[in-house]
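Please read the structure below before turning to the comments.
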Amino acid sequence: MRSRCAFTLIELLVVLAIISLLIAIVAPTVGAARRNAERTGCAANLREVGLALRSYLDNNDDKLPWASWMPSYSPFPIGGGNPWSPGSPSPIGTPIYIADVLKKDTAGQNQVFKCPGDKADNDRPEPNRGKSYFQTEKSSYEFRWRMGGQTMKEYAEDMEHRFGKVPLNSIWVFRDFDNFHGPGGKPGARRYLYIDGHVTDFELH
């Protein structure tokens, strides 16, 4: 008689246990690699945004652009008023998207404004629930709207007047709208583009 080869139930359970253990070991490594790749892609995009901003400045007497802080909600600060401040008059005018302002300087490559870690978020309030920042603001990156209409030197002087001497390379211009890359307050959670064009973590600056 020919013998039949087959796994016993015990052998199958052992194999499944080994596979489960390997998955448990590998999964965190894969997740960490994905997050690192997203952070690297984010930094590359921010550097491209920095080059576009430099091009804009070269063609506009070094004056930083005006843009709305979160255009999907309001044109603020265009037209005055702050919709998030009780008693403040409502802003007037049309929201200005920073991606539109720099469109010519990015040669229309609006994908440079999209952080790989900017995913649809159900925790965002209406009307943006379930949407990414790139979907609603045309950019995953928040522009420091207080800089609008000033040169970098003027803004640095204003910062120095209010807070004391501030190194130029410690002033950020763009940053992730949210903690796309990890828990808030932890290094790497949010990427920053600084005035001198370098990208790093605010917590490590």
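The values are calculated or read from the model by the stated rules, or taken from the named source; none is laboratory data. This one's a predicted model, so the numbers in the text were calculated from it and none came from an experiment. With ideal geometry, Cβ positions are generated from the backbone for all residues, glycine too; neighbour counts draw on all protein chains shown.
Per-structure values
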| read-out | value |
| --- | --- |
| Those residues of the stretch 53-65 which are not hydrophobic (A, V, I, L, M, F, W, C) and not in a loop (DSSP other than H, G, I, E, B), in sequence order | ARG54, SER55, TYR56, ASP58 |
| Subset of the stretch 189-205 (residues that are assigned to a loop (DSSP other than H, G, I, E, B) and buried (at least 18 other Cβ atoms within 10 Å of the Cβ)) | ALA189, ARG190, ILE195 |
| Matching residues in the stretch 123-135 - criterion: being polar (S, T, N, Q) and surrounded by fewer than 17 Cβ atoms within 10 Å (Cβ to Cβ) | GLN135 |
| Count of the stretch 150-178 residues which are part of a loop (DSSP other than H, G, I, E, B) and either within 19 Å of VAL49 (Cα to Cα) or touching a residue at least 24 places away in the same chain (Cβ under 8 Å) (or both) | 5 |
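The rows are residues; the columns are (1) in a helix (DSSP H, G or I); (2) exposed (fewer than 10 other Cβ atoms within 10 Å of the Cβ); (3) modelled with pLDDT under 90.
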site: ARG35; (1), (2), (3): yes, no, yes
site: GLU38; (1), (2), (3): yes, no, yes
site: LEU51; (1), (2), (3): yes, no, no
site: ALA67; (1), (2), (3): no, no, no
site: SER72; (1), (2), (3): no, no, no
site: ASN82; (1), (2), (3): no, no, yes
site: GLY87; (1), (2), (3): no, yes, yes
